[in-house]
Amino acid sequence: MRKIISHYDEGVGWTMDVKKYLVESDKKIKLQDYATHEEHGIEESELLDELIPQSIDKLKELHWKLHAEEKKGIVVVLQAMDAAGKDEAISYIFSNLTAQGLKTASFQKPSETELNHDYLWRIRDGLPARGQIGILNRSHYEEVIAPRVHPDRLKEGSVPEDMDLKDVWPMRYRQINEFEKHLQENGFYVVKFFFYMSKEEQKDRLLERLKNPKKNWEFSFNDIKERKHWDEYHEAFEDMLSHTSTEQAPWYILPADDEWYSRYIITEVMIDCLKKIDPQFPELSDEDEEKLDKAIKELENE
């Protein structure tokens, strides 16, 4: 297990190097080398009352500029086992951003209509416009995870008939990498988060959903069925992370047993991404400045 401690500078406070959670391109990933919970040294009260609110304020300002400029967009991919905290991260972090500059899409088991198209088809409707952050709650990565654990979910005709099943996944990794490179080259940054949760933590969260009447609605009996394939899913996740974390579309592995710290990491990664884009509020032309001054005078003299 890695032990990663956030850094504290006197007079500055806590600082985080988000690269610590970045999956390097072409790196062979073993999830057992990563922590599901870290001794980061930050009190939960400090995360809740100071660090996360401060980060969200920075994110809001940068997002306003992205939305106003309308030149670039960001695609955010969230992948995890059930109950790892994806929905809560969306609610807590991204709900603070201006709604006009946000697009959220959630993907479940493909419908018959979706299966009758190529597996990337249904993703396109969830992609953001320029000036937006698009959140994919699950994504095209479902098609290199779920069918790998349950091969019967592969639609007949969706892969070459003479292709061995083990060769399907490298083919799809290549296609996904090319798809994400296409997005990046057309002005849409791609950033991906994998919520790495322990089996014990998932058990506790599922039990809470079952026992708490206010959370019963979140529970699906399918979660219990899929939990029996825990090792198979994690083998698929490792292969996915190893082959699809690229310079243009990196993966970040979150210690998802610690929900609040994971949200802090997500916010800091998003800030880092937006700083690279460096969006700016549009400048008014001389003609528009004159119209602005005229409008101000008209209103003031009413």
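The values are calculated or read from the model by the stated rules, or taken from the named source; none is laboratory data. This structure is a prediction, so every number in the text was calculated from the model and none was measured. Note that each Cβ is placed from the backbone with ideal geometry, even for glycine, and that neighbours are counted across all protein chains shown. For the accessible areas, the whole protein counts, side chains as well, though only heavy atoms, and no ligand, DNA or RNA atoms are used. Shrake-Rupley method; radii C 1.70, N 1.55, O 1.52, S 1.80 Å.
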State the number of residues belonging to the stretch 95-134 that are assigned to a loop (DSSP other than H, G, I, E, B) and hydrophobic (A, V, I, L, M, F, W, C). 5
Return a yes/no flag: does the stretch 248-255 have any residue that is of a type in the set (S, T, N, Q), at pLDDT below 95, assigned to a loop (DSSP other than H, G, I, E, B) and farther than 30 Å from Val18 by Cβ. no
Name every residue in the stretch 200-212 that is open to solvent by 70 Å² or more (accessible area, probe 1.4 Å) and either under 15 Å from Lys225 (Cβ atoms) or outside any helix (DSSP H, G or I) (or both), in order of residue number. Lys203, Leu210
Out of Ile123, Ile145, Ile93, sole residue that is touching a helix residue (DSSP H, G or I) at 6+ places or on another chain (Cβ under 6 Å) and under 24 Å from Tyr264 (Cα atoms): Ile93
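Out of the residues in the stretch 221-237 that are among the acidic types (Asp, Glu) and open to solvent by less than 70 Å² (accessible area, probe 1.4 Å), state the one that is modelled with the highest pLDDT. Write out each step before concluding.
Taking the stretch 221-237 as the starting set, the residues that turn out to be among the acidic types (Asp, Glu) are 223, 226, 231-232, 235.
Restricting the remaining residues to those that are open to solvent by less than 70 Å² (accessible area, probe 1.4 Å) gives 223, 226.
On the way: Asp223: 85, Glu226: 92.
That would be Glu226.
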Out of (1) open to solvent by 10 Å² or more (accessible area, probe 1.4 Å); (2) within 18 Å of the chain's Cα centre (by Cα); (3) among the aliphatic types (A, V, I, L, M); (4) more than 30 Å from Lys228 (Cα to Cα), the one Ala68 does not meet is (2)
Among the residues of the stretch 127-166, what is the count of those that are under 20 Å from Ser106 (Cβ atoms) and open to solvent by 60 Å² or more (accessible area, probe 1.4 Å)? 1
Looking at Glu268, is it closer than 17 Å to Pro170 by Cα, in a helix (DSSP H, G or I) and in contact with a helix residue (DSSP H, G or I) (Cβ under 9 Å, 6 or more places away or on another chain)? no
Being within 15 Å of the chain's Cα centre (by Cα) and of a type in the set (Lys, Arg) is the filter here; which residues of the stretch 185-199 pass it? Lys192
Members of the stretch 238-256 that are over 16 Å from the mean Cα position of the chain (by Cα) and crowded, with 19+ Cβ neighbours inside 10 Å: His243
For residues that are within 24 Å of Leu31 (Cβ to Cβ) and in a helix (DSSP H, G or I), scanning just the stretch 76-94, find the one that is least open to solvent (accessible area, probe 1.4 Å). Ala89
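Among the residues that make up the stretch 282-295, is at least one of them in a helix (DSSP H, G or I), within 21 Å of the chain's Cα centre (by Cα) and not aromatic (Phe, Trp, Tyr)?
So in the stretch 282-295, the residues in a helix (DSSP H, G or I) come out as 286-295.
Retained after the next criterion (residues that are within 21 Å of the chain's Cα centre (by Cα)): none.
The answer is no, given that none of the residues of the stretch 282-295 is in a helix (DSSP H, G or I), within 21 Å of the chain's Cα centre (by Cα) and not aromatic (Phe, Trp, Tyr).
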If Lys3 satisfies every condition in (1) at pLDDT below 95; (2) open to solvent by less than 60 Å² (accessible area, probe 1.4 Å); (3) over 26 Å from Thr244 (Cβ atoms) but one, which is the exception? (2)
Can you confirm whether the stretch 55-75 contains a residue that is farther than 19 Å from Lys192 by Cβ, in a loop (DSSP other than H, G, I, E, B) and either modelled with pLDDT under 90 or among the aliphatic types (A, V, I, L, M) (or both)? no
Pairs where the first residue, in the stretch 264-291, is closer than 19 Å to Ile56 by Cβ and the second is part of a helix (DSSP H, G or I) and of a type in the set (Asp, Glu), C-beta under 6 Å, 6+ apart: Pro279/Glu69
His63, sole failed condition from (1) within 18 Å of Gly187 (Cβ to Cβ); (2) within 14 Å of the chain's Cα centre (by Cα); (3) crowded, with 21+ Cβ neighbours inside 10 Å: (2)
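Could you identify the single residue in Glu259, Glu218 that is buried (at least 16 other Cβ atoms within 10 Å of the Cβ), over 30 Å from Phe188 (Cα atoms) and among the acidic types (Asp, Glu)?
Values: Glu259 fails: over 30 Å from Phe188 (Cα atoms).
Going through Glu259, Glu218 in turn, just one is buried (at least 16 other Cβ atoms within 10 Å of the Cβ), over 30 Å from Phe188 (Cα atoms) and among the acidic types (Asp, Glu): Glu218.
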